[in-house]
Amino acid sequence: MVFQAPGGLRSAAKRKNTADKKAQQANATPASTRAAGAGGSSSTMLKLFTDEAQGLRVDPLVVLILAVGFIFSVIILHVLAKLTGKFIS
Amino acid sequence: MGGFRLLDLAKFFLPLLPECETSDEKISVDEKIMFTLGAGVIFLLGQLPVYGLVSQASFLLHDPISPFRSILASEKGTLFELGLLPAFTAAFVWQLAAGFKLINVNLNLRGDRELYQTGQKLTSFLLAIVYAFGLIASGYYDDVLSGYNALEDGIPYGKYFLVFLQVVSWSFITTLIIEVFDKGFAFGGGALSLLAIQIATNIIRETLGLDTFNLPNSDVQEPVGALAVILRKIFSLDLTSLPGAIKSAFVRTNLPNLVQLFVSILSVLIVMGLQNFRIELPIRSTKVRGMANVFPIKLLYTGALPIIFAYTVLANVQLLGYYSIHLLQNFAPFLATILGSYTVDPSSNDLVLTSGVLSYLVPPTGLINTILTPIRSIIFSTAVILLSTWFGYNWSFISGSSPKDIAKQFKDQGISMPGKRDVSITHELGRIIPVAAVLGAFMLAVVVLAAEFLGGGGRGAGIVAGVSAALSVLEEFMVDLQQNGGVSQLASAFTGGR
């Protein structure tokens, strides 16, 4: 004798379906960092780096100073090349 | 767990990659304005020519991706050679892969998010290296290396390395500047803010730029700005040559012309108009009685991103095609011809695809070109429209602003819609959001294509993307200002303390 759920087989199947759906919803991983509640790209805004990682930490000012430093080194190379009138490799 | 995850590869690089700190305290609006301006100005310094090339190299370079440069904020012959291409590509690849569950990542876990972010950064760095290497290997810089004679000298490894180092380092620094934006020190998402800044300055330069250039293959000197050509003639009272100058301002192809300017202005106006279309859903607070408001759903639900995505994909295809053609030419010339064959356009020195598969994926150069090459125009438009609508539709679900996410936000904030149960809010939003996203992406693509067909020369796409990106940034700025109670010393300094 098979176990008969109250309300018949069809109701059991339905119940299983809803239970599955609920479990699936509970276990679903978020599709984006924003959906996980951690900032990140929104519908109109593309964001790449919003989380703090355990990397080589630098201050934002250091990044900007690094950029300026790099630009200046290229400018100095240009000036040197103009002054000597030759290409130094 | 067990098994190998692609994400774990990023773990090895985690301690090596520079990482911008997040701020412990809240950053004030004034500080954000300063950071935005400062980072923007520093970013623009990248328009410096690469050291080691002959002067005016940007006119001598044979450029394979000229129609895609504007929207990628890239400029040939400068440190911006790759522009935002690596950053855009990395962002789209990872975020779509996570959205479609192609990679095994649980973004609820902090550790996974860190690896995911490091993966994006690493991809952006690697792409910069690969693209810069590809350009050099394809002989892109060979004609313009200063002091290099291809017939007499051997392979100039030293000069190649110097160019490579500059282009790649600047691309790294750009990624770090983007991170400064993204970490909340400045307004907007880094990539879009920088794109908007770059395009804004380019419009001014292309309209009024006074720096003169020797036109390629001629001895005429002309200013960069399209309007400046006419103004210069008027102010020098050189009225006999004025008609010639006006004609030249409209038709020249090597420098920005007035047709491109008008097309740009027109597309700006259309985008601003489209931006105002919205559906306003009535919402009501469940906590405070009588608090009724509206929740706007914009037609351009995904902003400029569909266009940027479509152009990023096409630019990647073109760039990889350029490398493959150079690679295949020696081994399988037949395959190379199938892919595409280039000729040099004598007036702009750009490489133009004349035949092959790739030639169907470039925008036509003007109205006449559009009509003369109907198949190319149709295939290109189809590609752009399909890519952008596909992206718009999917992005509305995976960007964290999907109907389900917004319904969840409503529930958390105690917002409900009058006459709707909590469950049916998702359904109600689901009827509107995907339609708005697809329609918005489609209409934006049509505007961009119209601009291309009228002879925007790739600038139409850049401007449409730039304006919508700027509007998104502005939106964030206004929200930030209001959340701070409108307290900004800089803003009050501008408005006279009101």
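The values are calculated or read from the model by the stated rules, or taken from the named source; none is laboratory data. Fair warning: this is a prediction, and the values are worked out from it, not measured in the lab. With ideal geometry, Cβ positions are generated from the backbone for all residues, glycine too; neighbour counts draw on all protein chains shown.
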Qualifying position, being in contact (Cβ under 8 Å) with a residue 12 or more places away in the chain, surrounded by 16 or more Cβ atoms within 10 Å (Cβ to Cβ) and either among the hydroxyl-bearing types (Ser, Thr, Tyr) or in contact with a Phe, Trp or Tyr (Cβ under 6 Å, 6 or more places away or on another chain) (or both), among B:Phe181, B:Phe213, B:Phe185: B:Phe185
Out of curiosity, is B:Asn108 at pLDDT below 85, over 18 Å from A:Ser41 (Cβ atoms) and not in a helix (DSSP H, G or I)? no
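Condition test on B:Leu474, is it surrounded by fewer than 23 Cβ atoms within 10 Å (Cβ to Cβ) and not in a loop (DSSP other than H, G, I, E, B)?
Values: surrounded by fewer than 23 Cβ atoms within 10 Å (Cβ to Cβ): yes; not in a loop (DSSP other than H, G, I, E, B): yes.
So B:Leu474 fits the description; yes.
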Consider B:Ile378 carefully, then state whether it is surrounded by 15 or more Cβ atoms within 10 Å (Cβ to Cβ), more than 14 Å from chain A (Cβ to nearest Cβ), assigned to a helix (DSSP H, G or I) and modelled with pLDDT of 85 or more. no
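Looking at B:Glu179, B:Glu206 in this structure, which one is in a helix (DSSP H, G or I), within 11 Å of chain A (Cβ to nearest Cβ) and acidic (Asp, Glu)?
B:Glu179
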Given the conditions (1) farther than 21 Å from B:Arg252 by Cα; (2) buried (at least 24 other Cβ atoms within 10 Å of the Cβ), every one holds for B:Gly456 apart from (1)
Test: B:Leu299 is within 14 Å of chain A (Cβ to nearest Cβ), farther than 24 Å from B:Ser74 by Cα and modelled with pLDDT of 85 or more: yes
Select from segment A:24-58 the residues that are in contact with a strand residue (DSSP E or B) (Cβ under 6 Å, 6 or more places away or on another chain) and surrounded by 17 or more Cβ atoms within 10 Å (Cβ to Cβ) and list them in ascending order. A:Ala53, A:Gly55, A:Val58
Test for B:Phe295: is it surrounded by 13 or more Cβ atoms within 10 Å (Cβ to Cβ) and assigned to a helix (DSSP H, G or I): no
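Go through segment B:166-176 residue by residue and tally those that are among the hydrophobic types (A, V, I, L, M, F, W, C), under 14 Å from B:Pro18 (Cβ atoms) and within 8 Å of chain A (Cβ to nearest Cβ). Even if it seems obvious, please write down each step before you answer.
Here is the first cut: in segment B:166-176, the residues among the hydrophobic types (A, V, I, L, M, F, W, C) are B:167-168, B:170, B:172-173, B:176.
Next cut, under 14 Å from B:Pro18 (Cβ atoms) only: B:172-173, B:176.
Subsequent filtering for residues that are within 8 Å of chain A (Cβ to nearest Cβ) retains B:173, B:176.
Summing the residues that are among the hydrophobic types (A, V, I, L, M, F, W, C), under 14 Å from B:Pro18 (Cβ atoms) and within 8 Å of chain A (Cβ to nearest Cβ) in segment B:166-176 gives 2.
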Restricting segment A:36-73 to residues that are in a loop (DSSP other than H, G, I, E, B) and of a type in the set (S, T, N, Q), which is farthest from B:Leu109 (Cα to Cα)? A:Thr44
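Of B:Leu82, B:Leu102, B:Leu61, B:Leu7, which residue is closer than 28 Å to B:Gly400 by Cα, of a type outside the set (Ser, Thr, Tyr) and crowded, with 19+ Cβ neighbours inside 10 Å?
Details: B:Leu82 fails: closer than 28 Å to B:Gly400 by Cα; B:Leu102 fails: crowded, with 19+ Cβ neighbours inside 10 Å; B:Leu61 fails: closer than 28 Å to B:Gly400 by Cα.
Sole residue among the options that is closer than 28 Å to B:Gly400 by Cα, of a type outside the set (Ser, Thr, Tyr) and crowded, with 19+ Cβ neighbours inside 10 Å: B:Leu7.
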How many residues are over 24 Å from B:Tyr116 (Cα atoms) and not β-branched (Val, Ile, Thr) when one looks only at segment A:42-74? 8
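Taking the stated definitions as given, is B:Glu81 within 14 Å of chain A (Cβ to nearest Cβ), closer than 19 Å to B:Ile308 by Cα and in a loop (DSSP other than H, G, I, E, B)? Quick ask: steps written out before the conclusion?
Values: within 14 Å of chain A (Cβ to nearest Cβ): yes; closer than 19 Å to B:Ile308 by Cα: yes; in a loop (DSSP other than H, G, I, E, B): yes.
The answer is yes for B:Glu81.
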Condition broken by B:Tyr342, with the remaining ones in (1) more than 14 Å from every other protein chain (Cβ to nearest Cβ); (2) in contact with a Phe, Trp or Tyr (Cβ under 6 Å, 6 or more places away or on another chain) satisfied: (2)
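Taking the stated definitions as given, is A:Leu61 surrounded by 10 or more Cβ atoms within 10 Å (Cβ to Cβ), at pLDDT 80 or above and either within 35 Å of the chain's Cα centre (by Cα) or facing another protein chain (nearest Cβ under 7 Å) (or both)? Let's see the steps before the verdict.
Details: surrounded by 10 or more Cβ atoms within 10 Å (Cβ to Cβ): yes; at pLDDT 80 or above: yes; either within 35 Å of the chain's Cα centre (by Cα) or facing another protein chain (nearest Cβ under 7 Å) (or both): yes.
Yes.
So, in segment B:28-59, exactly how many residues are among the β-branched types (Val, Ile, Thr), within 10 Å of chain A (Cβ to nearest Cβ) and touching a residue at least 40 places away in the same chain (Cβ under 8 Å)? If you could, list the steps in order and put the result at the bottom.
As a first pass, look at segment B:28-59 and keep what is among the β-branched types (Val, Ile, Thr): B:29, B:33, B:36, B:41-42, B:50, B:54.
Filter once more, so that each one left must be within 10 Å of chain A (Cβ to nearest Cβ): B:41-42, B:50, B:54.
Those left that are additionally touching a residue at least 40 places away in the same chain (Cβ under 8 Å): B:42, B:50, B:54.
Going through segment B:28-59 one residue at a time, the tally reaches 3.
Each row is one residue, and each column tells you yes or no for (1) out of contact with any strand residue (DSSP E or B) (no Cβ under 9 Å at 6 or more places or on another chain); (2) on the phi > 0 side of the Ramachandran plot; (3) not in a helix (DSSP H, G or I).
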| position | (1), (2), (3) |
| --- | --- |
| B:Asp8 | yes, no, no |
| B:Pro15 | no, no, yes |
| B:Asp24 | yes, no, yes |
| B:Ile33 | yes, no, no |
| B:Gly38 | yes, no, no |
| B:Val41 | yes, no, no |
| B:Leu44 | yes, no, no |
Looking for something within 14 Å of chain A (Cβ to nearest Cβ) and more than 20 Å from B:Phe181 (Cα to Cα) - is there at least one such residue anywhere in segment B:62-74? no
When you go through (1) out of contact with any Phe, Trp or Tyr (no Cβ under 6 Å at 6 or more places or on another chain); (2) within 14 Å of chain A (Cβ to nearest Cβ); (3) among the aliphatic types (A, V, I, L, M) one by one for B:Val251, which number turns out not to apply? (2)
Tally of residues being farther than 25 Å from B:Leu122 by Cβ, in contact with a helix residue (DSSP H, G or I) (Cβ under 6 Å, 6 or more places away or on another chain) and not aliphatic (A, V, I, L, M) across segment B:4-34: 1
Examine segment B:192-207 for a residue that is closer than 26 Å to B:Phe88 by Cβ, of a type in the set (Lys, Arg) and surrounded by 13 or more Cβ atoms within 10 Å (Cβ to Cβ), and state whether such a residue exists. yes
Considering only residues of segment B:118-165 that are more than 14 Å from chain A (Cβ to nearest Cβ), in a loop (DSSP other than H, G, I, E, B) and without any contact (Cβ under 8 Å) to a residue 60 or more places away in the chain, which is nearest to the chain's Cα centre (by Cα)? B:Asp142
In segment B:381-404, which residues are of a type in the set (Gly, Ala, Ser) and outside any loop (DSSP other than H, G, I, E, B)? B:Ser381, B:Ala383, B:Ser388, B:Gly392, B:Ser396
